[in-house]
Amino acid sequence: MSKLRNRLLLSLGLVLLSTPAMSEKLGLGRPALPEELAAWDVAVLPDGKGLKPGSGDVLTGEEVFGEKCAVCHGEFAEGIDSWPVLAGGDGTLTDRRPVKTIGSYWPHLSTVWDYVHRSMPFGEAQTVTVDETYAITAFLLYSNGLVDEDFTLSDKNFTEVTLPNADGFYPDDRAESEYPRFKREPCMKDCGAPVKVTKRAIELNVTPEDPDGRPAGTLPPLDTSAASAPAPPAAPAPAEVAEAASDPAPVPAATVPAADVPAVAPAAAPIETAALDPALVGQGEAAFKKCSACHKVGEGAKNGTGPVLNGIFGAAAGHADKFKYSKALTDKAAEGLVWNEAELDAFLENPKGFMKGTKMAFAGLKKPDERAAIIAYLRSLGN
């Protein structure tokens with residue numbers, strides 16, 4: 001038998017072994033069970049097709065989110081380190097690095113439900129129950145200012161929720177409208193010098209970073225115009241100093257009978273307002289990034305998930321125009337709450353402890369120095 005014939009027979013045998021018919025004869029594989037198909041068939045479409053029966057409310061979602069999601073995305077969905085922010089971003093779609101959340105970018109609510117149920121938490125995919133997924137989705141809607149805190153999401157009302165950017169997408173028609181304009185015959189000969197790869201991106205460290213060292217675009221840029229404004233002029237020297245120079249020499253106490261000394265009521269202690277410390281304001285600006293996903297400041301700032309905070313220091317509670325405050329805050333405002341340093345400090349330390357029922361789901365700032373810095377920054381923003 002020739003070598004050529006042996007090779008032909010070997011090739012024919014390999015082809016036959018690779019066909020489905022031969023696999024069946026060898027007993028390989030089996031039909032998937034209905035349960036196995038159902039385990040993989042978890043897709044949810046924008047029209048609600050594929051949703052599992054169930055429900056979850058905002059407050060439950062906050063608890064589940066804190067337990068399973070906050071380690072990466074923050075208690076307030078503000079994002080931690082390189083993990084994405086999940087709330088805010090309203091009005092950033094035209095920025096160089098827009099913040100893409102369900103409140104700013106995504107057109108369909110099914111995206112977040114499907115992704116959370118299919119892939120989260122990171123490293124423990126498909127451990128979130130159906131009801132927990134509804135609750136997390138409801139909490140994210142609340143964090144983006146799209147529903148109230150008493151909202152409950154279910155398979156019954158799922159398609160009634162319309163995201164702000166639902167109409168921001170359109171069919172990709174580039175194949176018809178653009179491709180013909182740029183079509184060229186491919187170069188097949190003497191097209192250019194050969195390309196040689198010398199280094200990889202990881203070796204060049206070319207990932208852009210923001211000034212604080214975090215990956216670029218992690219949070220929306222802050223308007224620092226207010227913070228960079230010149231510090232207010234130093235307080236004038238106490239009046240007593242100037243008056244002391246013009247006063248006559250004091251009469252020795254021993255020469256004036258005590259009975260002749262007129263009774264003078266002690267002057268009321270002046271209300272002292274310490275001048276702003278530029279260094280502390282700068283620290284507050286950096287720390288405020290934890291708040292900026294929902295609160296905007298500076299010229300042209302608008303209400304987002306939370307109210308705009310320009311001029312909040314020293315202002316009455318509920319001062320932001322056209323923002324829908326929680327009942328808890330409006331009640332406090334009616335009682336005369338003013339955001340002075342002490343009240344702001346208490347609120348920032350434990351929002352829910354300070355004001356039960358507040359919309360602010362942030363867990364609070366436990367470090368006194370950090371709270372003092374943010375308060376100084378808010379104070380620098382003026383009115």
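The values are calculated or read from the model by the stated rules, or taken from the named source; none is laboratory data. Keep in mind it's a predicted model, so treat the numbers as computed, not measured. Reconstructed Cβ throughout: ideal geometry from the backbone, glycine too, with neighbour counts over all protein chains shown. SASA here: full protein model, heavy atoms, side chains in, ligands and nucleic acids out. Shrake-Rupley method; radii C 1.70, N 1.55, O 1.52, S 1.80 Å.
Numbers below:
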{"read-out": "Enumeration of residues in the range 327-383 that are at pLDDT below 85, surrounded by fewer than 15 Cβ atoms within 10 Å (Cβ to Cβ) and part of a helix (DSSP H, G or I)", "value": "LYS327, GLY353"}
{"read-out": "Residue identified as acidic (Asp, Glu) and surrounded by 12 or more Cβ atoms within 10 Å (Cβ to Cβ) among ASP173, ASP114, ASP150, ASP167", "value": "ASP114"}
{"read-out": "Residue within the range 291-306 that is over 28 Å from ARG97 (Cβ atoms) and either in a helix (DSSP H, G or I) or open to solvent by 40 Å² or more (accessible area, probe 1.4 Å) (or both) present", "value": "no"}
{"read-out": "Helices (runs of 4 or more DSSP H) fully within the range 125-220 counting 2 or more residues that are in contact with a strand residue (DSSP E or B) (Cβ under 9 Å, 6 or more places away or on another chain)", "value": "130-143"}
{"read-out": "Conditions (1) in contact with a helix residue (DSSP H, G or I) (Cβ under 9 Å, 6 or more places away or on another chain); (2) over 30 Å from HIS295 (Cβ atoms); (3) of a type in the set (A, V, I, L, M, F, W, C); number of the one not met by VAL197", "value": "(1)"}
{"read-out": "Residues of the range 126-148 that turn out to be modelled with pLDDT of 95 or more and under 17 Å from PRO107 (Cβ atoms), as a count", "value": "3"}
{"read-out": "Unmet criterion (only one of (1) open to solvent by 10 Å² or more (accessible area, probe 1.4 Å); (2) within 17 Å of GLY48 (Cα to Cα); (3) of a type in the set (S, T, N, Q)) for SER119", "value": "(2)"}
{"read-out": "Positions within the range 50-83 being open to solvent by 70 Å² or more (accessible area, probe 1.4 Å) and either among the aromatic types (Phe, Trp, Tyr) or within 17 Å of the chain's Cα centre (by Cα) (or both), in sequence order", "value": "VAL71, GLU75, ASP81, SER82, TRP83"}
{"read-out": "SER104, sole failed condition from (1) at pLDDT below 95; (2) open to solvent by 50 Å² or more (accessible area, probe 1.4 Å)", "value": "(2)"}
{"read-out": "Condition broken by ILE136, with the remaining ones in (1) open to solvent by 20 Å² or more (accessible area, probe 1.4 Å); (2) in contact (Cβ under 8 Å) with a residue 40 or more places away in the chain; (3) among the hydrophobic types (A, V, I, L, M, F, W, C); (4) over 24 Å from LYS302 (Cβ atoms) satisfied", "value": "(1)"}
{"read-out": "Top-ranked residue of the range 274-290 - restricted to ones that are open to solvent by 50 Å² or more (accessible area, probe 1.4 Å) and within 21 Å of the chain's Cα centre (by Cα), ranked as nearest to SER143 (Cα to Cα)", "value": "LYS290"}
{"read-out": "Residue match in the range 307-323 (condition: at pLDDT 50 or above, closer than 30 Å to GLU75 by Cα, charged (D, E, K, R) and open to solvent by 90 Å² or more (accessible area, probe 1.4 Å))", "value": "yes"}
{"read-out": "The range 42-85 - residue that is among the hydroxyl-bearing types (Ser, Thr, Tyr) and modelled with pLDDT of 95 or more and, of those, farthest from LYS289 (Cα to Cα)", "value": "SER55"}
{"read-out": "Selection within the range 84-100 - under 13 Å from the mean Cα position of the chain (by Cα) and either of a type in the set (A, V, I, L, M) or part of a helix (DSSP H, G or I) (or both)", "value": "VAL85, LEU86, ALA87, VAL99"}
{"read-out": "Failed item, numbered, when ARG214 is tested on (1) surrounded by fewer than 11 Cβ atoms within 10 Å (Cβ to Cβ); (2) more than 30 Å from GLY50 (Cβ to Cβ)", "value": "(1)"}
